[in-house]
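The values are calculated or read from the model by the stated rules, or taken from the named source; none is laboratory data. Just so we're clear, the structure is a prediction, and the values are computed from it rather than from any experiment. Ideal geometry is used to build each Cβ from the backbone, glycine not excepted, and the neighbour counts take in all protein chains shown.
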């Protein structure tokens, strides 16, 4: 009597050879239960998650390979634009494995590697240096701000690493690192700040904390010119919710009698009408007595103009 294949389960991606060696039936791999991630590497759909494909990509490479570039950023929980490939770096050219949706890299340079969810990945600073050759200035600053916030790495440390780097795109990394700041809450807040500074306007203070007379915490302002009490902030979609609107109104009611002016902006103000946004900020800088406010230059257009 022919032996019936047994039910085989893996809590990670697995190769066809592993599945057959464990006693599973070849025909089962063609069923709805499994998904072929890359050629001859499968995952149980119940175990499929955002890490599955990068795990599969690493499985087909020799030991010592690690996720890098966009794949490392995703595993690390860092914001970078979408990319269709899984990026894996190895030490020897012959260790590269070419498959659809996999982009292998080879390096002889020292790379910082850490383990996240059992996945070897480039560490945050190494990932920043690698991505300097692939991201725009603003997207790279977004990445740097997120690294500082999520991994509690001082901006000065990121800048020091960029200055010490001998990578081909080290100059781009250094330029972006100079704009990285501590305490940034979101990628869009970074983009609003970069729009302002690339236009040649004074840079607002990031994450300014207002305190009561006894020194206790009162309010935190995302972007602020404290000398003239001008606040610039990015309002995401959550600010449209009733509870958040009520909170925003309460804050305005508290601060405006003290002389603060709050300028709220949304995505459209950054991407659709950036010049009008800049003109409004410049006008209020002048009206509130900043002093010598330079005219808006065109540097910002390289990053934000449609």
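Summary of values
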| item | result |
| --- | --- |
| Filter result for residue 260 (at pLDDT below 95, touching a helix residue (DSSP H, G or I) at 6+ places or on another chain (Cβ under 9 Å) and buried (at least 16 other Cβ atoms within 10 Å of the Cβ)) | yes |
| Residue count, the stretch 86-110 (criterion: part of a loop (DSSP other than H, G, I, E, B) and surrounded by 16 or more Cβ atoms within 10 Å (Cβ to Cβ)) | 2 |
| Matching residues in the stretch 113-126 - criterion: being surrounded by fewer than 14 Cβ atoms within 10 Å (Cβ to Cβ) and either more than 22 Å from residue 147 (Cα to Cα) or in contact with a helix residue (DSSP H, G or I) (Cβ under 9 Å, 6 or more places away or on another chain) (or both) | 117, 118 |
| Subset of the stretch 280-294 [in contact with a helix residue (DSSP H, G or I) (Cβ under 8 Å, 6 or more places away or on another chain) and part of a loop (DSSP other than H, G, I, E, B)] | 288, 289, 290, 293 |
| Total residues in the stretch 43-82, condition without any contact (Cβ under 8 Å) to a residue 40 or more places away in the chain and in contact with a helix residue (DSSP H, G or I) (Cβ under 6 Å, 6 or more places away or on another chain) | 2 |
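This table checks each residue for (1) more than 20 Å from the chain's Cα centre (by Cα); (2) under 20 Å from residue 130 (Cβ atoms); (3) in a strand (DSSP E or B).
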{"residue": "17", "(1), (2), (3)": "yes, no, no"}
{"residue": "24", "(1), (2), (3)": "yes, no, no"}
{"residue": "49", "(1), (2), (3)": "no, no, no"}
{"residue": "53", "(1), (2), (3)": "no, yes, no"}
{"residue": "61", "(1), (2), (3)": "yes, yes, no"}
{"residue": "72", "(1), (2), (3)": "no, yes, no"}
{"residue": "78", "(1), (2), (3)": "no, yes, no"}
{"residue": "84", "(1), (2), (3)": "no, yes, no"}
